[in-house]
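Asks: Okay, here's the structure, questions in a sec.
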Amino acid sequence: QVQLVESGGGLVQPGGSLRLSCVSSGSIFPVGVMGWYRQAPGKQRELVAYITRGGTTNYADSVKGRFTISRDNAKNTVFLQMNSLKPEDTAVYYCYADALSMYWGQGTQVTISS
């Protein structure tokens, strides 16, 4: 059973930074694409960023230039460095991983408020 465990969420002021981490365990197959979605109250879940096993990345327009996704394949871990945070970045952030099937983390709350 594949499990994803996220960490790093919290409350920060506008302009601040946070770094999310997500560790995948239990897969007998190499983990392919890993990434992050987010869901704000009353809104649909949206893709934030993803990264392939080879390091190709993709970002939502709303986070380009502010967020950076990276991964450590040896540790099946994906990171999301979030800088210049805005109140509209407030959401629950979900990690996902493609290991022949899609797997999801439990979500971590990110709140941007003064």
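Asks: What lysines does LYS64 reach when the alpha-carbon gap must be under 22 Å and sequence neighbours fewer than 8 apart in one chain are set aside?
Replies: Leaving aside lysines fewer than 8 places away in the same chain, those within reach of LYS64 are LYS43, LYS86.
Asks: What is the Cα centroid distance between the range 96-114 and the range 1-69, reported in whole angstrom?
Replies: If we compute the Cα centre of each part, the gap is 6 Å.
Asks: Within the range 1-63, list the trypsin sites (Lys or Arg not before Pro) lying in a DSSP loop whose Cβ has at most 16 other Cβ atoms in a 10 Å radius.
Replies: LYS43, ARG45, ARG53
Asks: Arranged from highest to lowest average of other beta-carbon atoms within 10 Å per residue, in what order do the peptides 78-84, 98-104 appear?
Replies: Details: 78-84: 19.9, 98-104: 14.4.
Output ranking for 78-84, 98-104: 78-84, 98-104.
Asks: Could you sort VAL5, VAL33, VAL23, VAL63 by accessible area so the largest value comes first, with the probe set to 1.4 Å?
Replies: The residues order as VAL5, VAL23, VAL33, VAL63, largest area first.
Asks: When ligands, DNA and RNA are left out and all protein chains stay put, how many square angstrom of accessible area per residue does the chain have with a 1.4 Å probe?
Replies: It amounts to 52 Å² per residue over the chain.
Asks: While we're on this one: When the accessible area of the range 33-90 is split by element with a 1.4 Å probe, what percent falls to carbon and sulfur?
Replies: Result for the range 33-90: 46 percent of the exposed heavy-atom area is carbon or sulfur.
Asks: Next question. Which residues in the range 62-81 place their backbone N less than 18 Å from a point set 7 Å from the Cα of LYS43 along the Cα-to-Cβ direction?
Replies: 62-68, 81
Asks: Then there's this: Restricting to Cα pairs below 8 Å that are 6+ residues apart, what does the relative contact order work out to for the chain? Please round to a whole percent.
Replies: Rounded, it is 37 percent for the chain.
The values are calculated or read from the model by the stated rules, or taken from the named source; none is laboratory data. This structure is a prediction, so every number in the text was calculated from the model and none was measured. Every residue, glycine as well, gets a Cβ built from its backbone with ideal geometry; the counts of neighbours run over all protein chains shown. Each accessible area value is taken on the protein alone, full model and side chains, heavy atoms only, with ligands, DNA and RNA left out. Shrake-Rupley method; radii C 1.70, N 1.55, O 1.52, S 1.80 Å.
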